[in-house]
Amino acid sequence: MTAPDPRHLGSRSAVGLAALDTGARGAGAHEVSALDSSALDATALDPALVDRVRDRLAGERAPATPSRVAAALRAEGGLRGEADLLPVLRALQSELLGAGPLEPLLQLPGVTDVLVTGPDLVCIDRGRGMEPVGVRFADEGAVRRLAVRLVNAGGRRLDAAQPFADVVLADGTRLHAALPPVTRTPCLSLRVPARRPFTLDELVAAGALAADLAAALVSLVLARMTLVVSGRAGTGKTTLSGALLGRVPPTERIVVLEDDQELRIDHPHVVHLVARRANVEGAGEIRLGELVRQSLRMRPDRLVLGEVRGAEVASLLAAFTSGHQGGLTTVHAAGPAEVPARLEALALQAGVPRAALHSQLSVAVDAVIHLERGHDGRRRVGTVAVLVPDRRGFVHAQPALVCAEGGVVPGPAADLLSARLDRCRDGRPGAAGGAPGGLVPGRGGQL
């Protein structure tokens with residue numbers, strides 16, 4: 001089989017390795033072409049017929065199963081004959097069930113995002129940028145109805161008073177919807193979840209990172225070093241985090257905290273805690289900071305925060321500096337040099353002074369793994385850096401391992417990373433004594 005394309009190994013890739021090879025990508029292109037000429041064009045539906053069927057189903061107060069949709073369609077007399085039933089029924093089910101006309105797109109191999117910008121522009125992303133497809137909606141009202149239905153199914157509200165919402169659908173798909181007046185036309189953004197976790201070996205085979213770099217990262221994980229995975233949106237932070245956590249020894253317990261459950265980890269002892277937004281009355285909210293505090297009572301060997309986005313960074317760093325080694329979190333940043341500034345801005349939301357934050361960072365974070373996405377769409381590990389304090393006590397990221405075309409090159413902080421690795425191995429009884437590959441580049445020049 002051809003090695004999987006790393007452009008498809010995004011943070012929330014929807015497919016397994018079999019769907020990433022050249023043959024599967026060709027099949028996906030064929031399926032998109034077929035959709036362009038299929039009956040999924042929602043403009044073929046009579047809006048009045050859809051409204052009547054919807055009202056009839058609502059009056060029955062029962063689940064809108066395909067058989068009930070067919071019965072309601074016949075009862076409304078919207079067909080010229082039995083030959084019309086199947087295509088109209090399929091189109092009507094798309095309007096009333098699932099993700100509507102977008103449902104087939106969510107099932108295509110390799111698709112990580114489905115984006116709707118008005119009724120006439122629907123695009124998918126399979127790691128090669130925006131690809132317009134032939135799916136159309138009847139009008140802006142059809143897009144709005146789909147958005148409202150999906151958001152309501154996720155337990156949230158979407159209307160003129162609350163014109164935007166972010167929810168997770170039943171299958172794990174993450175949906176963001178926005179309506180006028182905050183947008184010119186109704187917009188939908190759907191992020192497809194991973195069907196299964198990727199392994200480091202698969203990422204190496206895909207070209208997302210070199211084998212010697214993967215061995216170095218495994219060394220960091222086994223030595224219980226605390227890691228921050230950084231990168232822009234869609235660079236593969238969640239995918240790499242799941243692969244690294246899959247190499248945690250099976251005798252350890254991993255507690256994962258997330259806004260929405262996205263991390264897929266192939267490990268026998270994983271506990272997921274998910275934050276909860278307030279309901280329409282403003283009650284019932286559970287924030288990530290509270291989950292951090294609760295997780296400390298759950299005997300975590302590894303504490304993982306899916307993504308640090310706000311004031312919870314204070315609770316997380318407090319946990320990392322109080323004896324909970326081997327943790328991991330991700331953060332949005334353009335480069336490793338921007339990570340301290342990004343965390344500083346988030347800590348201000350919790351009222352943490354700048355000097356206190358940098359003091360914690362200098363002892364809490366052992367390494368930063370930065371991912372990048374090239375102009376060709378490929379996602380790869382770009383740099384492994386360490387945070388080094390200056391004379392004033394403010395930390396700065398210094399490259400320890402730099403990934404170039406010719407392989408992994410030791411950076412200015414390579415010796416410091418090796419020293420931290422040795423200290424973690426020697427000073428923490430639970431750390432692995434020997435890791436695959438041996439030394440980090442910069443100490444003898446080999447892994």
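Structure notes:
- Volume per residue for region 157-266 equals 140 cubic angstrom (convex hull of Cα atoms).
- Cβ-defined net charge surrounding residue 185, 11 Å radius [Lys, Arg +1; Asp, Glu -1]: -1
- Shape metrics for region 283-413, restricted to C-alpha atoms - Rg then Dmax, Å: 15.8, 55
- Once the Cβ-Cβ distance of residue 274 and residue 128 is raised to the sixth power relative to R0 = 56 Å, the FRET efficiency obtained is 0.95.
- Inter-label distance, nm, simple model (7 Å from Cα along the C-beta direction), residue 103/residue 285: 3.5
- Under-5 Å amide H pairs with residue 235, H placed in peptide plane, nonlocal only: 11
- The phi-based Karplus calculation (6.51 cos²θ - 1.76 cosθ + 1.60; θ = phi - 60°) puts the 3J(HN,Hα) values of region 277-282 at 7, 5, 7, 5, 8, x Hz, whole numbers, x for Gly and Pro.
- Take 334-341, 367-374, 167-174 and order them by the average number of nearby Cβ atoms within 10 Å per residue, most first; the result is 367-374, 334-341, 167-174.
- Length gained when the stretch residue 139-residue 345 is fully extended (0.36 nm per residue, less Cα-Cα span): 70.0 nm
- For a modelled paramagnetic label at residue 298, 7 Å from Cα along Cα-to-Cβ, the residues of region 236-270 in reach, with backbone nitrogen under 11 Å, are 254-258, 270.
- Per-peptide packing, taken as the mean over residues of other Cβ atoms within 10 Å, places 237-250, 286-299, 113-126 in the sequence 237-250, 113-126, 286-299 from highest down.
- Stretched out straight at 0.36 nm per residue, the stretch from residue 409 to residue 232 would grow longer than its current Cα-Cα span by 61.5 nm.
Here, each number is a calculation from the coordinates, and none is a lab measurement. Computed from a prediction, not measured in an experiment: that's the story for all the values here. When we count neighbours, we look across all protein chains shown, and the Cβ atoms used for this are built from the backbone with ideal geometry, even at glycine.
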